1. Taking only pairs six or more apart or across chains, which ones have beta-carbon atoms under 6 Å, a first residue in segment 148-163 that is near the ligand (Cβ under 6 Å from one of its atoms), and a second residue that is part of a loop (DSSP other than H, G, I, E, B) and not charged (D, E, K, R)?
2. For the structure I just gave you, tell me whether Cys26 is crowded, with 17+ Cβ neighbours inside 10 Å and over 14 Å from Ala182 (Cα atoms).
3. Which of (1) touching a Pro at 6+ places or on another chain (Cβ under 7 Å); (2) closer than 30 Å to Lys184 by Cα; (3) away from the ligand (no atom under 16 Å from the Cβ) does Ala63 not meet, given it meets every other one?
4. Based on what the data block shows, is Val32 out of contact with any Leu (no Cβ under 6 Å at 6 or more places or on another chain) and more than 21 Å from Ser186 (Cα to Cα)?
5. So, Leu87, is that one within 13 Å of the ligand (Cβ to nearest atom) and out of contact with any Pro (no Cβ under 6 Å at 6 or more places or on another chain) or not?
6. Filter segment 95-147 down to the residues that are within 20 Å of Ser78 (Cα to Cα) and among the charged types (D, E, K, R), then identify the one that is nearest to the ligand (Cβ to nearest atom).
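Derivation of every value follows stated rules applied to the coordinates shown; laboratory data play no part. Bear in mind that the values here come from a model prediction, so they are computed numbers and not experimental data. Cβ: placed from backbone, ideal geometry, glycine included. Neighbour counts: every protein chain shown.
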Amino acid sequence: MINVALPKGRLGEKVYATFERAGYECPAIKEVNRKLVFENAEKGVRYFWVKPSDVSIYVERGAADIGVCGKDILAEYSPDVYELLDLKTGVCRMAVAAKKDFYDDRASTLKVATKFVNIAKNYYAGKGREIDVIHLNGSIELAPILGLSDVIVDIVETGTTLKENDLDVVETIMPISARLIANKASFKFKTAEIEKLTEKVGALID
Ligand code: PRP
């Protein structure tokens with residue numbers, strides 16, 4: 001049995017559809033209820049709906065053998081897991097954004113608001129730029145508008161949130177997409193099953 005942690009929401013549903021096409025269907029998952037665990041014993045697969053940012057925790061600790069999570073989470077938390085496949089969905093980018101009149105005065109410490117503290121710190125350390133990180137949990141775009149920060153480091157997908165708040169991308173830090181990840185011990189003990197699933201799912205990705 002392979003235990004799969006899927007991110008709850010639109011991305012997870014899209015990824016499940018790919019798993020289904022790859023031969024790992026689990027019809028019970030389509031029933032409208034609030035269950036979180038679904039199993040198809042015949043196909044040897046069990047799915048869990050997990051909060052997207054928690055998928056890597058379930059996988060790293062072996063509560064799930066494999067899972068689907070964004071590259072942003074992998075870059076931010078560096079979980080000790082194997083990255084098996086780029087699923088090429090949930091595509092967006094991690095970017096620095098600021099108000100349109102932003103000017104980077106390198107004489108002073110740059111105030112950076114973000115949910116992704118480690119990504120921001122690593123990025124600016126690589127540029128030798130001193131920063132003051134302000135850790136927020138959401139609506140990051142508000143920070144430069146209210147003068148809480150000079151810039152933000154956040155996910156940009158369509159760019160609509162930035163546009164509607166009169167902010168612009170200053171620099172792109174990295175491209176993001178959903179990845180198939182595996183627990184290291186599970187991969188060792190269930191190599192054949194996990195490799196077969198990876199191959200079948202991978203064949204459906206362009
Ligand atoms: C994310 C991100 C941006 C927005 C970008 O927020 O933090 O705010 O999506 O998408 P766009 O470029 O298509 O507008 P999310 O919806 O995850 O909510 P959050 O405010 O809790 O971060």
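1. Here the result reads Asp154/Ile140, each pair linking segment 148-163 to a residue that is part of a loop (DSSP other than H, G, I, E, B) and not charged (D, E, K, R).
2. yes
3. Condition (1) is where Ala63 drops out.
4. For Val32, the condition - out of contact with any Leu (no Cβ under 6 Å at 6 or more places or on another chain) and more than 21 Å from Ser186 (Cα to Cα) - is met.
5. For Leu87, the condition - within 13 Å of the ligand (Cβ to nearest atom) and out of contact with any Pro (no Cβ under 6 Å at 6 or more places or on another chain) - is not met.
6. If we take residues in segment 95-147 being within 20 Å of Ser78 (Cα to Cα) and among the charged types (D, E, K, R), then Lys115 is nearest to the ligand (Cβ to nearest atom).
For (1) loosely packed, with under 14 Cβ neighbours inside 10 Å; (2) in a strand (DSSP E or B), each residue gets a yes or a no:
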{"residue": "Asp168", "(1), (2)": "no, yes"}
{"residue": "Ile181", "(1), (2)": "no, yes"}
{"residue": "Ala185", "(1), (2)": "yes, no"}
{"residue": "Ile194", "(1), (2)": "no, no"}
{"residue": "Val201", "(1), (2)": "no, no"}
